[in-house]
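Engineer: Would you mind keeping the following structure in view while I ask a few things?
What follows draws every value from the coordinates through simple rules; no lab data is involved. Fair warning: this is a prediction, and the values are worked out from it, not measured in the lab. Glycine gets a Cβ as well: all are built from the backbone with ideal geometry, and neighbour counts include every protein chain shown.
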Amino acid sequence: MPRHQSDSELTSSQLERRNYYRQWREANKEKDRAYHKVYYAIHKEHLLGLNKKDYARNPEPKREYAKRYRRANAEYLKGWHREHGTGCSPELYAELLAKQNGVCAICGGTDATRELAADHDHETGRVRGLLCTCCNTAIGKLRHDAGLVRQAAKYLERSG
């Protein structure tokens, strides 16, 4: 029985079967989940191939769904990416933003077009503070090396 048929398109016996399985799945969630986990593991390549073929045949509905999802969940996704990229949770970000009065921890400026970036130590994963794009990029270009930052500052002072 194709999954896309609505209840009104089914015969009474098909509808009974559908309702029986819905009730069974509801009453046996763990068994159903375990079964589908094993099924997916066994048939993973085939299932992924079906998804690719389906997308290749008609990509627009999936693209449109992805766009709608990203628009509807923009704040959540922003926080998710920040947390998984830098380790800065939405709560920590809000706390640092308040502590820094909404400005960059280095230059004291703001970024008119973007939010402040969560700067983190790449070795320990500890979030150090929030930086504007320019300061965050500068630190990255100097390889997060305090010695190089000091040398750059001396160079600028010498060169005037």
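Engineer: Using the count of nearby Cβ atoms within 10 Å as a rough guide to exposure, how do Leu96, Leu116, Leu10 rank from fewest to most?
Structural biologist: Starting with the residue having the fewest Cβ neighbours, the order is Leu10, Leu96, Leu116.
Engineer: With springs only between Cα atoms under 10 Å, which of Ala117, Ala34, Ala56 fluctuates most in a Gaussian network model of the chain?
Structural biologist: Ala34
Engineer: Tell me, what is the FRET efficiency for Glu95 and Gln151 to the nearest 0.05, using R0 = 41 angstrom and their Cβ-Cβ distance as r? Before the final figure, lay out each step's value.
Structural biologist: Numbers: r = 33 Å, r/R0 = 0.80.
That pair, Glu95 with Gln151, gives E of 0.80.
Engineer: Can you sort Arg158, Arg114 from fewest to most other Cβ atoms within 10 Å of each residue's own Cβ?
Structural biologist: Going from sparsest to densest Cβ surroundings: Arg158, Arg114.
Engineer: If you add up the charges near Cys132, with Lys and Arg at +1 and Asp and Glu at -1, over every other residue whose beta carbon is less than 13 angstrom from its beta carbon, what do you get?
Structural biologist: Values: positive: Arg114; negative: Asp111, Glu115, Asp119.
With Lys, Arg at +1 and Asp, Glu at -1, the net is -2.
Engineer: Report the net charge of residues surrounding Lys37, where surrounding means a beta-carbon distance below 15 angstrom and charges are Lys +1, Arg +1, Asp -1, Glu -1.
Structural biologist: Residues close to Lys37 contribute a combined charge of +3.
Engineer: Using the Kirkwood radius built from alpha carbon pairs, what does the Stokes-Einstein equation give as D for the stretch 1-142 at 25 °C and 0.890 mPa s, in µm² per second?
Structural biologist: For these conditions, the coefficient is 122 µm²/s.
Engineer: Using the eigenvalues of the Cα gyration tensor, what equivalent ellipsoid semi-axes result for the stretch 74-159 when each is taken as the square root of five times the eigenvalue, whole Å, largest first?
Structural biologist: 25, 15, 11
Engineer: For the stretch 17-57, rounded, prolate or oblate, judged on the Cα gyration tensor with a ≥ b ≥ c (square roots of eigenvalues), a/c < 1.5 rounded, else prolate if a/b > b/c? Don't jump to the answer; show the numbers that get you there.
Structural biologist: Numbers: a/c = 4.25, a/b = 1.83, b/c = 2.33.
In terms of gyration-tensor shape, oblate.
Engineer: Still on this model: Convex hull volume of the Cα atoms in the stretch 59-120, per residue, in Å³?
Structural biologist: Dividing the Cα hull volume of the stretch 59-120 by its residue count gives 104 Å³.
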